[in-house]
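Report on the following structure.
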Amino acid sequence: MLMQITINTVTSAITAIGGLGTASFGLVDGTKAFWGGVSNAGFGAIKNAVKPLFGGDADPSDQSNALSFGSICATLHANWINGADLGDQKAKAKSLLKLRLSPDNGADYAAATGVPAATLQQIAGLINEGQSLDNAQADVFGRFDLALTALLDEGYERADQRYRNACKLLAGVFSIIIAVLAAYLLNYPNIGLAALAGALATPISPISKDLTTALAAGANVVQKMQKKS
């Protein structure tokens with residue numbers, strides 16, 4: 001009987017801690033209502049990834065046209081905080097950046113992607129004039145396309161990782177604050193234990209149901225073994 005009470009106590013505690021973690025993630029999501037909140041986390045990695053393509057024209061305040069650094073960053077930022085599909089975001093960013101390619105900025109693009117500057121500038125001129133590329137030019141443009149894809153992949157994957165880490169960290173902070181505040185309001189003497197429960201809430205939340213199910217199943221197996229013995 002004592003064993004059953006202990007299992008029930010532990011599973012109840014895990015369920016409660018998991019519920020606290022779920023609530024904290026809800027609060028994190030709620031921050032998005034305030035200027036994007038946690039959705040802004042990670043976007044700096046995307047901006048840093050595309051910045052080398054603009055050379056000396058990478059002025060965040062420049063929105064003089066749709067293809068300036070400021071305008072493109074604003075477009076990418078809007079897609080980012082809106083939570084659009086990551087693959088779609090990469091494709092849109094790539095399209096905008098390729099659309100901006102011209103003989104004037106070809107050297108900046110070449111430096112950022114590691115292809116011959118003179119050839120890329122020539123390719124940009126031919127594309128703008130609607131002319132076809134020869135085999136050598138097509139090969140260089142293909143390498144440029146792959147390098148641009150890799151550059152955007154790195155930026156967006158880093159941004160996604162930083163966003164997820166920021167969400168977990170902020171949820172952990174909310175969990176600890178809520179747990180400590182609840183302990184204070186309920187006159188619970190062990191504030192440190194309450195803070196520990198709050199710190200565990202975020203990692204336990206996604207697996208709380210599995211943990212309680214596993215503990216209950218384990219207890220059931222042990223009880224049956226005791227009966228047989």
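The values are calculated or read from the model by the stated rules, or taken from the named source; none is laboratory data. Keep in mind that what you see is a predicted model, and the values were worked out from it rather than measured. Using ideal geometry, Cβ is built from the backbone for each residue, glycine included, and neighbour counts are taken over all protein chains shown.
Close contacts from the range 110-128, counting a first residue that is at positive phi and a second that is surrounded by 19 or more Cβ atoms within 10 Å (Cβ to Cβ) and in a helix (DSSP H, G or I), with Cβ to Cβ under 9 Å and a gap of 6+ residues or different chains, come to 114/144. Under 9 Å by Cβ, and 6 or more places apart or on different chains, what pairs join a residue from the range 74-101 that is more than 30 Å from residue 126 (Cα to Cα) with one that is among the charged types (D, E, K, R) and part of a helix (DSSP H, G or I)? Matching pairs, first to second residue: 77/47; 79/88; 79/92; 81/32; 83/32; 84/92; 86/157; 86/160. Scanning the range 175-229 for residues that are loosely packed, with under 12 Cβ neighbours inside 10 Å, at pLDDT 85 or above and part of a helix (DSSP H, G or I) turns up 184, 185, 192. Taking residues in the range 130-155 that are more than 11 Å from residue 115 (Cβ to Cβ), and partners anywhere that are part of a loop (DSSP other than H, G, I, E, B), the pairs with Cβ atoms closer than 9 Å and at least 6 places apart or on different chains are 138/132.
Of all residues in the range 11-39, those that are more than 27 Å from residue 161 (Cβ to Cβ) and either in contact with a Leu (Cβ under 6 Å, 6 or more places away or on another chain) or part of a loop (DSSP other than H, G, I, E, B) (or both) total 2. Number of residues in the range 40-70 that are small (Gly, Ala, Ser) and either surrounded by 19 or more Cβ atoms within 10 Å (Cβ to Cβ) or not in a loop (DSSP other than H, G, I, E, B) (or both): the value is 9. Starting from residues that are small (Gly, Ala, Ser) and at pLDDT 95 or above, keep the ones in the range 115-131 and report whichever is surrounded by the most Cβ atoms within 10 Å (Cβ to Cβ). Selected residue: 124.
Please determine, by comparing only the residues of the range 38-72 that are in contact (Cβ under 8 Å) with a residue 12 or more places away in the chain and of a type in the set (S, T, N, Q), which one is nearest to residue 99 (Cα to Cα). Among those residues, the one meeting the criterion is 48.
Just to be sure, is residue 88 over 18 Å from residue 168 (Cβ atoms) and either touching a strand residue (DSSP E or B) at 6+ places or on another chain (Cβ under 8 Å) or not in a helix (DSSP H, G or I) (or both)? Judged against the criteria, residue 88 is not a match.
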